[in-house]
Every structure is written in structure tokens, then in C-alpha cells.
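A quick write-up on the structure given underneath.
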Amino acid sequence: MWFCDGFGDRRAGRGKIVKLSQYVLCGYLMHKMYSIKLTGTADSSKIKDSEAIMNKNSIKSDRAQIAAIIGGILLLFAAFFIAFSVQDQKQGENREGMIQEAARLDTSGLILEVGEDERSVRVNWYSNEKSDFELQYGIPSGDGEPDNYVSVPLSRRKGGVGGTFRYTANMTALEADSRYVYRILETGSGEMSRDYIYRTAQVEEMFTFLFAGDPQIGAEGTEEDSKKWDETLKKSVSLVPEASFIITAGDQTDSSDKKKANKQYLGFRSPDVLKELPAAVNRGNHEAGNDLYEKQFQREGQQGMEYSFLYKNVLFIALDSMSTEPVQQIEFFRNTVETYPADWIVVTMHYSLFSAGSHAYDHDIIRQREYFAPVFSECNVDLVLAGHDHSYMRTYYMNGLNSTGKDGGKKERGEVLYLTGGSSTGNKFYKKTKKEVGYDVFFLEDKIPVVTSVNVDGKTMTIRTFDMDSNEEIDFCEIRK
Ligand SMILES: [Fe+2]
């Protein structure tokens, strides 16, 4: 029956109110019309000429009374259904509201991070919600939903600013060359996030990753820089759609003030690209003034901010330039190299050991250069990706502290290429140092945002850097083994 249907759809509810109004009108007219007739027959009954007339009038009178009663009943029913429909429409609004609410589980602070290898990825969600959540993921059947979801509880940690929390969980044992759907469920309420997609790497060894220098959200303005960061990421994945992840070499945010930095981290996390393309981040000097970076990005079981992952045949080691324990950094580095033998070694860190920007002769940089560069050559690191200088620069192959004068190409053991990322958001640039550094092949003087792609294919690593304003390739280099 139509009046028993739910009114979940507000448009359907309005249609039913229109129908009810018709019944009200009908009932009212019947009631009114026969009430008038009843009054009329009462007057004519005064004539009383014959029994026949009387009987006829009596029958008419009975019919009129019945009709008036029916009209009245219709009016009562109509009144009842109007009340019912208004209440039900309100319930419908609530239900619709709940559906919207469910879709509104705020995951703007969610990003993916690289896992331990190409078969895993880490979900890292920064939120104001304090509750129990689980990560659900699976491969959809056809265009639909996955038949089965793997469910993993998200672990919660305080976020560094009152009322914020970081939730993490890993998607593991992922199949190559597959499209996964993942989402977050609040276990108590059943509230769900929207669905996100994560595509795993292809079966072949070859893969590509992106490298972005200091986004430093907030250096120019939190809102503007967040928008620029979003644009840079969108352009990057449209230029290099095959990218498997993106490395940012520190200074994700600008401010050392916790409240400001908190907003800036939310800006850094906000782009949708980072919900489908995992990031691998480093701690920058702008992030060392408070514990927000540590609270958000420190991995489970980790002592400091350094970490590593093995992606196919490449070992990535993220060092922490802000660490006051260089001995521990070196120890971690050496142990990792020994534990995970790989064809290639890529180091990421915030301070550029060989830059040509205004930080090239900073005391801290020179100290770390002398400390780390000989070890990198000794362990045959291939590529070092750093930031801090906001000016894109590529070196000759370095061996220890010395330039070999070789511009890429066939690499000998101990030769290391150092790449300093430019500003990925275009919000802050430094000039080239006036002192000759002697190891720079390419220094970008133009104030343009850049992002670099690195393709690893067997014994060749190909480095391409793009101007994010014009989408033009501005630098190219190959490392061959
Ligand atoms: Fe920096």
C-alpha cells in the first residue's frame, strides 16, 4: 500500500502529500455537498404530501447522512496521513542525513605511505575522531565491490596537538598488477569512508617513482601552498602516470608553531593523489621544532625517524638529517645495507650534502657531508635525493668528497649521484651560492616548481626532471651499471 511505504525519498514523500491533499479535498467536498443536501431534504419534508414522497425523502436523507459520515471519515483519515507523512518525511530527512553523514567520515587527512616492500602499503590517517576504526581492502570483482574485504584494525596514537589522532594499518600480501579498493569503517557506528583505489606495481622488475623537494606548506600561505601542492601532484601523475610512489625529502610544512604546523600538515595530506599514490617522507629542519612529524610519521617499532623499504631490486634508506645521533644513523644505514642486498641503493635525506644553493657552505651541511659521503661511496650508494636548498641541482658522480667529473653514464663502484630537489610548490627559492662548488652539472636558476621522475629498469636508472609550470622536461640523466 502506498501509505505504508517508507518516505526515505523526499521527492516521493512530496508526491504522496499531493495525493493526500487530493483525498482531503475530495472528502471535504463530499462532506460539504451532502451536508447541504441533508439540510435541503429537511425543508422539503415539511410538505409531507404522500408516504411515497416521505419514504423517498427518508431514503435520500439516509444516503446523505452516510455520505456526510464517509466524507468526515475521509477527512479524518486525510488528517492522520498528513500527520504521518510529515513525521515520516522528517524521518526520511534524518535517514538521508545519516547517509550523508556516513559518506562524510572525514578522510581528508588520510594518505598512503610506502610499505616494507612493493607487496605492502601503509594507510596513515590523521583525524580528530577518537574511536575504533578498521581498514578494509580487497580486489573488486569486475566493476563492482570486492566479494570479500580483508579487515585490519587501525592502531591509534595521539597526534601531537590536543584532540588529534594518527591511525595506521598496513595492506599486506598484495597481488601485483592489481586494483584494490580500500576504505575505513568506524566499527561502532558502521560509518564508512568513501572508497579509494590503490594500484599495485606491475609484475615486471621495472618501475618508476617520483621525487619532490620541500613542499613547505605555509611558507607563502597555508591555503595557497596546499592548493599548489595539490596542483603539483595532479600534474605529476598526469605526466608520469606509471609512478608507483612519491618521495618528499623533508620540510613538508613550514611552521614550528604546533597549531599552524598542524593545519599545514592537513594541507600536505589533503590532495586526493596522496590517497592513491603512496608517499615516502623525510623529516626536515622546519619539522624539527615540534613533535608533529614524529607523532604522524614515525613507524611502529622505530626508534628514530629513519626507515627503509625494499622496492623490487632497489633498497631505499631514509635518513634523518635532524638526528643528533649521527653514529646511530650510520649504524642503521650499514645494518640495512647488509640486511637487504639489492641491485640499487637510493638514500633520501633532507640536507643536501652536495648542493650549490645558499646552504652549500652551512656548518651543519659540511659536517654531515664529511660524515656521510665517504660511507655512501664505501657502500656503493647509487643516488642520494635531498631537499633543503629549494633549487634543483644535479652533481657529477661523486666519490667520497671528490667530484669525478663524470656526468652520469656508466657508473663505477663508489660513484654516487647527488640530486637536490627544487621547490615542488614554487613557494620559496634560494639563489646559487657565489662560491664555486666544482661538483655541479646542472643548477636551475629559474624560479619554477619542479618534480623529478626516476625509472629503474634492470641496469639503468633514468632521471627526468619536469618544470611544473610548462610540463617541459628540463633535465635528463642516466645512471648505468
Ligand atoms: Fe629545509
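For the list (1) under 30 Å from residue 233 (Cα atoms); (2) touching a residue at least 12 places away in the same chain (Cβ under 8 Å); (3) not polar (S, T, N, Q), I need the number of the one condition that residue 364 fails.
It is condition (1) that residue 364 fails.
Can you tell me which residues in the range 325-350 are among the β-branched types (Val, Ile, Thr) and surrounded by 13 or more Cβ atoms within 10 Å (Cβ to Cβ)? Give the steps one after another, and end with the answer.
Just the residues of the range 325-350 that are among the β-branched types (Val, Ile, Thr), to begin with: 327, 330, 336-337, 339, 345-348.
Listed by number, the residues that qualify are 330, 336, 337, 345, 346, 347, 348.
Hey, can you tell me all the residues within the range 345-365 that are over 33 Å from the mean Cα position of the chain (by Cα) and either hydroxyl-bearing (Ser, Thr, Tyr) or more than 16 Å from the ligand (Cβ to nearest atom) (or both)?
358, 361
Checking the conditions here, which among 300, 325, 294, 338 is at pLDDT 95 or above, among the charged types (D, E, K, R) and away from the ligand (no atom under 14 Å from the Cβ)?
Among 300, 325, 294, 338, only 338 is at pLDDT 95 or above, among the charged types (D, E, K, R) and away from the ligand (no atom under 14 Å from the Cβ).
Of all residues in the range 386-406, count the ones that are under 38 Å from the mean Cα position of the chain (by Cα) and part of a loop (DSSP other than H, G, I, E, B). Reasoning before the result, please.
Keep residues of the range 386-406 that are under 38 Å from the mean Cα position of the chain (by Cα), which gives 386-398.
Now narrow it down to the ones that are part of a loop (DSSP other than H, G, I, E, B): 387-392, 396-397.
Residues in the range 386-406 being under 38 Å from the mean Cα position of the chain (by Cα) and part of a loop (DSSP other than H, G, I, E, B): 8 in total.
Within 16 Å of the ligand (Cβ to nearest atom), open to solvent by less than 30 Å² (accessible area, probe 1.4 Å) and in the same structural domain as residue 210 (by TED's automatic domain parsing): does that describe residue 385?
Judged against the criteria, residue 385 is a match.
Right, residue 377: over 21 Å from residue 209 (Cβ atoms), assigned by TED's automatic domain parsing to the domain that holds residue 444 and either within 13 Å of the ligand (Cβ to nearest atom) or part of a loop (DSSP other than H, G, I, E, B) (or both) or not? Explain how you work it out, then say what you get.
Values: over 21 Å from residue 209 (Cβ atoms): yes; assigned by TED's automatic domain parsing to the domain that holds residue 444: yes; either within 13 Å of the ligand (Cβ to nearest atom) or part of a loop (DSSP other than H, G, I, E, B) (or both): no.
Here the answer is no, as residue 377 does not meet what is asked.
Looking at the range 391-407, which of its residues are touching a Lys or Arg at 6+ places or on another chain (Cβ under 9 Å) and either of a type in the set (Ser, Thr, Tyr) or open to solvent by less than 10 Å² (accessible area, probe 1.4 Å) (or both)? Before the answer, list the steps.
First, pick out the residues of the range 391-407 that are touching a Lys or Arg at 6+ places or on another chain (Cβ under 9 Å): 391, 393, 396-397, 401, 407.
Within the range 391-407, 391, 393, 396, 397 qualify.
Residues 243, 249, 280: which one is within 16 Å of the ligand (Cβ to nearest atom) and either in contact with a helix residue (DSSP H, G or I) (Cβ under 6 Å, 6 or more places away or on another chain) or among the small types (Gly, Ala, Ser) (or both)?
Values: 243 fails: within 16 Å of the ligand (Cβ to nearest atom); 280 fails: within 16 Å of the ligand (Cβ to nearest atom).
249 is the lone residue from the list that is within 16 Å of the ligand (Cβ to nearest atom) and either in contact with a helix residue (DSSP H, G or I) (Cβ under 6 Å, 6 or more places away or on another chain) or among the small types (Gly, Ala, Ser) (or both).
Condition first: touching a helix residue (DSSP H, G or I) at 6+ places or on another chain (Cβ under 6 Å) and within 16 Å of the ligand (Cβ to nearest atom). Now tell me which residues in the range 252-264 satisfy that. Break it down into steps so the answer makes sense when it comes.
Going residue by residue through the range 252-264, those that are touching a helix residue (DSSP H, G or I) at 6+ places or on another chain (Cβ under 6 Å) are 252-255, 261, 263-264.
Once the filter is applied, which keeps residues that are touching a helix residue (DSSP H, G or I) at 6+ places or on another chain (Cβ under 6 Å) and within 16 Å of the ligand (Cβ to nearest atom), the range 252-264 yields 252, 253, 254, 255, 261, 264.
Answer yes or no: is there a residue in the range 207-216 that is open to solvent by less than 70 Å² (accessible area, probe 1.4 Å), more than 16 Å from the ligand (Cβ to nearest atom), within 19 Å of the chain's Cα centre (by Cα) and not hydrophobic (A, V, I, L, M, F, W, C).
Initially, the range 207-216 is screened for residues open to solvent by less than 70 Å² (accessible area, probe 1.4 Å), giving 207-216.
Imposing the further condition that a residue be more than 16 Å from the ligand (Cβ to nearest atom) reduces the set to 207-210.
Cutting the leftovers down to within 19 Å of the chain's Cα centre (by Cα) gives us 209-210.
Then drop every residue that is not not hydrophobic (A, V, I, L, M, F, W, C), which leaves none.
No.
The values are calculated or read from the model by the stated rules, or taken from the named source; none is laboratory data. All values reported here derive from a predicted model rather than from experimental measurement. Glycine gets a Cβ as well: all are built from the backbone with ideal geometry, and neighbour counts include every protein chain shown. These accessible areas exclude ligands, DNA and RNA; they are computed on the full protein's heavy atoms, side chains included. Shrake-Rupley method; radii C 1.70, N 1.55, O 1.52, S 1.80 Å.
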